[in-house]
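Peer 1: Shown below is the structure under consideration.
The values are calculated or read from the model by the stated rules, or taken from the named source; none is laboratory data. Since the model is a prediction, treat every value here as computed from it, not as a measurement. Cβ coordinates were reconstructed from backbone atoms using ideal geometry, including for glycine residues, and neighbour counts include every protein chain displayed. Surface accessibility is based on the protein's heavy atoms, side chains included, excluding ligands, DNA and RNA. Shrake-Rupley method; radii C 1.70, N 1.55, O 1.52, S 1.80 Å.
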Amino acid sequence: MAPALQARDLVVRSPMGAAIAVPALDVPRGGAVALVGPSGCGKSTVLAAALGLLRRPGWSVAGSVAADGEDLLAASPQWRRRWLANRVAVLPQDPHAAFDPLVPLGRQLVDLTGQSREECVRMLGWLGVVAPGDVAGRLSAQVSGGQAQRALLAVAFLRRPALCVVDEPSAHLDEATLAEVEARLTVLQRDGCGLLLATHDLRFARALQATPLRCVDGVFAACAEEAAAWPARESNTSPGAPVLAARGLAVGAPGAHVIQGCDLQVRGGEVVAFVGPSGCGKTTLLRALAGQITPAAGAVERPRRRTAVQLVAQDASGSLTPSARVRRLVAEACAPGFDVVAAAAALGLPAAALDRAREALSSGERRRAALLRALAVQPDVLLLDEPTASLDRATAVSVVEAALQLRRERGTAIVLATHDLELAVAVADRVLVLRGGQLCQFVPSSSPR
């Protein structure tokens, strides 16, 4: 049986001459291949090029990509559109951006799959979405990253594709939800669907028995990779005075509060992490703490300095001004004496990226640029929403270390929302679980997976 997708001598070249190469790629029907490598190495670019969807001025694609007896790079636009519509499902890195922000999710699922609304809602429920009918009635901005990702997964199941292309599938999901997604993708494989993944998570790739192709010096080829260790928690630090506090906090519509009766106090120099499943309200709580959401009840006490509390959002793309170069964005908020180039290097952000706009950055580079701008303010409290999502392990470690360095130098408090329990336990002074709209002390029962 012919592969779901086959590429030979695929070379993607930028206007500056930099090249990304894939000598050989074969996605068998019912099998999986994973492109593995650090943020910014070109994983998403290769996916777009392989599907004939790379639309960047000055970029070129050479080689061959075959599917259903056709060379996608030489096929007519009409044939490629039919193939994408009938044979392919795509789960992009930013699940929210895949949906029309002005149309309810349920209506979009109906339009994308040709199935009834009832069938689409049933599929959402089967994929683990709580209250699927309610979620189907919301706009994409009103659901969590995990819920949006499962809505895209619903499209894949309802369309029964020959090829499913998944970009950073573990970026927005907690461990339990990620295990569910693994199980669902395995079902697609059993039905004969080939999976092409771009991921920094080798464990996820192994769970799907994917053949890993790791990027080394711009070439994706078979290679092993070891995970770097998270920075160790510093036990010799003494927390300072309280710098952030929430008392009786409730957020949400009357009678349907996502956060309810929540109490939290954070001291200077303290690292507090809270974990919980996708959709439990982690992002909502951080936005309330930052003052971006007005509470329905309770209050949040913050430092008086307007820029003292900085939130680095999960949607890094939305937090960066379009067309504005990173260097300018950082300069607008930069504290005196802040070394932009050195801080960027500590985050693993190339110096060349400082002179690029959001549209020319990878997802991981955007996330690091947003964190760089927050660090430049030298805040008293740093709120991090899934800071390591979409990053390879080595880059994620450098990002976490940069935040902890600010803590060491200035006594900055860090509040971290993450689905990565291993990260939370490694770096936080306190780990809390967000459950039922309230924060509870985490009690470990076993080692994190």
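Peer 1: Return the FRET efficiency for the residue pair E119, A253: r is the Cβ-Cβ distance, R0 is 35 Å, and the value is rounded to the nearest 0.05.
Peer 2: Working from the Cβ atoms, E equals 0.80.
Peer 1: Residue by residue through region 122-135, which ³J(HN,Hα) values in whole Hz follow from phi under the Karplus form 6.51 cos²θ - 1.76 cosθ + 1.60 (θ = phi - 60°), with glycine and proline marked x?
Peer 2: Per-residue couplings from phi come out as 4, 5, 4, x, 5, 7, x, 6, 6, 6, x, x, 5, 4 Hz.
Peer 1: Using a 1.4 angstrom probe on heavy atoms only, work out the carbon and sulfur share of the accessible area of the chain in %.
Peer 2: In the chain, the share of accessible area belonging to carbon and sulfur is 52 percent.
Peer 1: Ranked from highest to lowest mean number of other Cβ atoms within 10 Å per residue, what is the order of the peptides 158-165, 374-381, 6-13?
Peer 2: 374-381, 158-165, 6-13
Peer 1: Between Q142 and Q265, what is the label-point separation in nm under the 7 Å Cα-to-beta-carbon projection?
Peer 2: Modelled inter-label distance: 3.8 nm.
Peer 1: Restricting to Cα pairs below 8 Å that are 6+ residues apart, what does the relative contact order work out to for the chain? Please round to a whole percent. The partial results should precede the final answer.
Peer 2: Numbers: 929 pairs, mean separation 79.8, N = 449.
So the answer I get is 18 percent.
Peer 1: What order, most packed first, do the peptides 33-46, 350-363 have when packing is the mean number of other Cβ atoms within 10 Å of each residue? Present the calculation step by step, with values, prior to reporting the outcome.
Peer 2: Details: 33-46: 24.1, 350-363: 16.1.
Most protected by this proxy first, the peptides run 33-46, 350-363.
Peer 1: A further question follows. Multiplying the sequence separation of A221 and W126 by 0.36 nm and subtracting their Cα-Cα distance, what value in nm do you get?
Peer 2: On the way: separation 95, 0.36 × 95 = 34.20 nm, distance 3.61 nm.
Stretched fully, the A221-W126 segment lengthens by 30.6 nm.
Peer 1: Still on this structure, I have one more. What number results when the radius of gyration of region 319-446, computed over Cα atoms, is divided by 2.2 N^0.38 Å?
Peer 2: 1.11
Peer 1: So what's the gap between the Cα centers of region 288-322 and region 188-221, to the nearest angstrom?
Peer 2: Between the Cα centres of region 288-322 and region 188-221 lies a distance of 36 Å.
Peer 1: Related question: Once fully extended, how much extra length lies between R56 and R356, figured as 0.36 nm per residue of separation less the alpha-carbon to alpha-carbon distance?
Peer 2: 106.6 nm
Peer 1: What do the square roots of 5 times the Cα gyration tensor eigenvalues come to for region 1-129, in whole Å, largest first, as semi-axes of the equivalent ellipsoid?
Peer 2: For region 1-129, the ellipsoid semi-axes come out as 29, 18, 15 Å.
Peer 1: Quick check: pseudo-label points 7 Å beyond the Cα along Cα→Cβ at R160 and C440, how many nm apart are they?
Peer 2: Spacing of the two 7 Å Cα→Cβ label points: 4.2 nm.
Peer 1: Listed highest first by mean packing, meaning other Cβ atoms within 10 Å per residue, what order do 402-414, 99-111 come in?
Peer 2: In descending order of packing, they fall as 402-414, 99-111.
Peer 1: How many angstrom lie between the C-alpha centres of region 45-67 and region 243-262?
Peer 2: 47
Peer 1: Mind listing which GluC sites (Glu not before Pro) in region 176-279 are in a DSSP loop and have 12 or fewer other Cβ atoms within 10 Å? It would help to have the intermediate numbers written out before the result.
Peer 2: Details: sites: E180, E182, E225, E226, E234, E270; in loops: E225, E226, E234, E270.
Loop-located and lightly packed - E226.
Peer 1: May I ask you to compute the full-extension gain from T321 to D191, defined as 0.36 nm times their residue separation minus their alpha-carbon distance, rounded to one decimal in nm?
Peer 2: Stretched out fully, the T321 to D191 stretch lengthens by 42.5 nm.
Peer 1: Same structure again: Helix 77-87 versus the longest principal axis of the chain: what is the Cα-based angle in degrees, 0 to 90, to the nearest 10?
Peer 2: 70
Peer 1: Compute the whole-percent fraction of alpha carbon pairs in region 1-66 spaced more than 16 Å apart.
Peer 2: Pairs farther apart than 16 Å: 46 percent.
Peer 1: Under a crude label model (7 Å from the Cα following the beta-carbon direction), how far is E409 from A74 in nanometres?
Peer 2: Placing both labels 7 Å along Cα→Cβ, they lie 5.5 nm apart.
Peer 1: Taking R0 as 22 Å, what's the FRET efficiency between D9 and R206 from their Cβ-Cβ distance, rounded to 0.05?
Peer 2: So, using R0 = 22 Å, E works out to roughly 0.20.
Peer 1: Would you mind checking which residues have amide H under 5 Å from W230's amide H? H placed 1.01 Å from N; only 5 or more apart, or other chain.
Peer 2: When sequence neighbours closer than 5 places are left aside, there are no close amide H contacts.
Peer 1: About its Cα centre, what dipole magnitude does region 191-306 give when the only charges are +1 on Lys and Arg Cβ and -1 on Asp and Glu Cβ, stated in debye to the nearest 20?
Peer 2: So the magnitude is around 600 debye.
Peer 1: Using the heavy atoms of the protein chains alone and a 1.4 angstrom probe, what is the accessible area of the chain per residue in square angstrom?
Peer 2: With the other protein chains kept in place, the chain gives 43 Å² per residue.
Peer 1: Could you work out how far the C-alpha centroid of region 89-144 sits from that of region 358-411, in angstrom?
Peer 2: Their Cα centres are 30 Å away from one another.
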